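J.: Below you'll find the structure I mean.
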Amino acid sequence: MTITDVIRDLGLSTIVPAQEDIVVQGGYVSDLLSDVMGRAEAGSVWVTVQSHQNIVAVAALADLAGIIIVNGVQPEAAVISKAREQGVAVYGTTGDAFNTVGKLYALGVMGRVKRDT
């Protein structure tokens, strides 16, 4: 499934578009930045209510497919600018995290978590 498929099937609004139509390799949901940094797998789409600048840094560091901000929360202009600079795709939905993740799961997007080795 590509990010374009996710946008279409979930009815997401595009805040910062992806630079290319990347394959979504899984999903992760958390509002704790250190949790996402330590456990989200590269290529995953991240579902969160957070909207501050640090989400962009975390998504770039973890090499995520994109960020979906839930509950209709809108990031400030500085966050959007930083996401563009960093090449981090950001999308929005008025839906809540629980239902958004449920829809992703129904589409076949499975959770991906780094495991301790």
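Quick note: the coordinates plus some simple rules give every number you see, no bench work behind them. These numbers come from a predicted model, not from an experiment. Quick reminder, even Gly has a Cβ in these numbers, built from the backbone with ideal geometry, and neighbours come from all protein chains shown.
J.: Please list the helices of the chain that count as membrane-span-like by this rule: a mean Kyte-Doolittle hydropathy of at least 1.0 together with Cα atoms stretching 18 Å or more along the helix axis, each helix being a complete DSSP H run.
T.: For the chain, where a helix must reach 18 Å along its axis and average at least 1.0, there are no hits.
J.: Just grab the label-to-label distance for residue 4 and residue 71, each label 7 Å out from Cα along the Cβ direction, in nm (one decimal).
T.: 3.3 nm
J.: I'm spelling it out carefully: the read-out is percent of Cα pairs over 18 Å apart, the candidates are (1) 61; (2) 49; (3) 42, and one was derived from this structure. Which label?
T.: Correct label is (3).
J.: Taking the Cα of residue 110, stepping 7 Å toward and past its beta carbon, and measuring to each backbone N in the stretch 1-37: which are under 17 Å?
T.: 1-2, 24-29
J.: Write down the percent of antiparallel bridges among all DSSP beta bridges whose residues are both part of the chain, to the nearest 5.
T.: Restricted to the chain, the bridges split so that about 30 percent are antiparallel.
J.: Per residue of the chain, what 222 nm ellipticity follows from adding -39500 (n - 2.57) for every DSSP H run with n ≥ 4, rounded to the nearest 500?
T.: -10500 deg cm²/dmol
J.: Continuing with the same structure: Given the Cα-Cα distance of residue 37 and residue 57 and 0.36 nm per residue of separation, how much length would full extension add, in nm?
T.: 6.2 nm
J.: Could you pull out every residue, at least 5 positions away or on a different chain, whose amide H is within less than 5 Å of the one on residue 45? Hs are placed 1.01 Å off N in the peptide plane, and Pro or chain starts have none.
T.: 25, 26, 27, 28, 65
J.: Additional query: Under 15 Å from the Cβ of residue 24, count the other residues' Cβ atoms, weight Lys and Arg +1, Asp and Glu -1, and hand me the total.
T.: Charge balance near residue 24 sits at -3.
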